[in-house]
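First the structure, in the form of structure tokens, and then the observations on it.
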Amino acid sequence: MANPSLSQLFDLSEQGALVTGGALGIGQAIAFRLAEAGAGVLIADIDLAAAQETASQIEARGGRARAVRADVCRAEQVDEAVHAALAAFGRLDIVVNNAGIFPLQPVLDVTEETWDRVLDINLKGAFLVAKAAAQQMVQAGRGGRIINLASVDALHPNGMATPYNASKGGTLMLTKGLAVELAPHAIRVNAVAPGGITTPGSDAARAHVSGALRVPDAAILQGWIQRVPLRRMGEPDDVAKVVLFLASRAADFITGECIVVDGGYLLS
């Protein structure tokens with residue numbers, strides 16, 4: 001078989017994708033890129049209005065998109081989202097587990113409720129989505145791609161985020177475990193670990209730290225940037241482009257891996 005051309009490698013036409021937490025930030029950027037490459041994108045988010053707005057923006061650009069409300073902690077809602085993608089696009093080839101939360105709090109103040117909520121959304125949610133999607137992919141017999149959003153915190157923990165650090169460390173091992181078990185079905189499973197990315201969520205988290213420490217927001221931001229060799233915060237599209245690569249045929253022989261997108265932060 002002849003090697004595919006560059007345009008063929010990144011052509012996702014006729015494919016169906018599901019992006020959790022795809023209404024805003026990194027998830028929205030991922031949805032935009034997958035749709036630009038031709039995939040039909042089902043945006044599953046707890047904020048239905050925001051998800052519908054993102055879907056409308058994709059359609060205004062000539063893409064295909066739908067939106068559903070889904071809490072990834074609820075297996076029945078996950079199943080509904082997977083079936084909504086199948087109903088909308090006739091198939092499900094790409095799944096991006098992006099939904100997540102990162103409350104910042106000193107470990108001695110973390111309640112059992114907070115711990116459970118972070119692990120439920122960030123880790124259990126990713127498992128439920130991956131399992132439901134993989135069942136459909138195996139049944140269809142065409143293989144597929146599952147991409148989990150981890151974090152640099154899984155590799156080098158930051159303070160005031162112990163539940164988040166633990167959830168993202170678990171995400172890396174979940175990725176590897178799924179990759180081993182699903183490889184016989186031609187389902188590739190990989191992770192992306194973003195560093196500091198400018199999103200509404202990260203802005204709110206930084207503002208929280210600024211208030212708690214009584215340090216100007218700008219000083220906290222500059223302190224982070226000084227640790228990044230490329231001397232800037234990342235943008236959501238920096239992550240989306242890597243997800244697009246992993247979703248494409250250019251990554252056909254990659255599974256069980258984690259690509260760090262942090263501007264060199266972990267080098268410092």
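Annotation note: Cβ proximity below 9 Å between a residue of the range 145-162 that is closer than 13 Å to residue 122 by Cα and basic (Lys, Arg) and a residue that is modelled with pLDDT of 95 or more and crowded, with 24+ Cβ neighbours inside 10 Å (sequence gap 6+ or interchain) occurs for no pair. Return the residue satisfying two criteria in turn: it lies in the range 107-146 and is among the basic types (Lys, Arg) and either in a helix (DSSP H, G or I) or outside the structural domain of residue 93 (by TED's automatic domain parsing) (or both), and of such residues it is farthest from residue 186 (Cα to Cα). Only one residue tops the list, namely 117. Screening residue 256 with (1) closer than 30 Å to residue 144 by Cα; (2) more than 17 Å from the chain's Cα centre (by Cα) gives one miss only, at (2). Out of everything in the range 202-249 that is of a type in the set (Ser, Thr, Tyr) and in a helix (DSSP H, G or I), what residue ends up being modelled with the lowest pLDDT? Once the filter is applied, the top-ranked residue is 210. On the given criteria, is residue 174 in the same structural domain as residue 111 (by TED's automatic domain parsing), touching a residue at least 60 places away in the same chain (Cβ under 8 Å), at negative phi and part of a helix (DSSP H, G or I)? Answer is no for this residue.
For (1) at pLDDT below 95; (2) surrounded by fewer than 20 Cβ atoms within 10 Å (Cβ to Cβ); (3) more than 16 Å from the chain's Cα centre (by Cα); (4) within 24 Å of residue 31 (Cβ to Cβ), each residue gets a yes or a no:
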| position | (1), (2), (3), (4) |
| --- | --- |
| 106 | yes, yes, yes, no |
| 110 | no, yes, yes, no |
| 124 | no, yes, no, yes |
| 140 | no, yes, yes, yes |
| 155 | no, yes, yes, no |
| 158 | yes, yes, yes, no |
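There is at least one residue in the range 194-205 that is free of Cβ contacts under 8 Å to residues at least 24 places away in the same chain, within 23 Å of residue 237 (Cα to Cα) and of a type in the set (A, V, I, L, M, F, W, C).
Which members of the range 1-60 meet the condition of being polar (S, T, N, Q) and within 24 Å of residue 199 (Cβ to Cβ)? Don't jump to the end; show me each part of the working.
Step one: of the range 1-60, the residues polar (S, T, N, Q) are 3, 5, 7-8, 13, 15, 20, 28, 52, 54, 56-57.
Result: 20, 28, 52, 54, 56, 57.
The values are calculated or read from the model by the stated rules, or taken from the named source; none is laboratory data. Since the model is a prediction, treat every value here as computed from it, not as a measurement. Because the Cβ atoms are built from the backbone with ideal geometry, glycine has one as well, and the counts that use them run over all protein chains shown.
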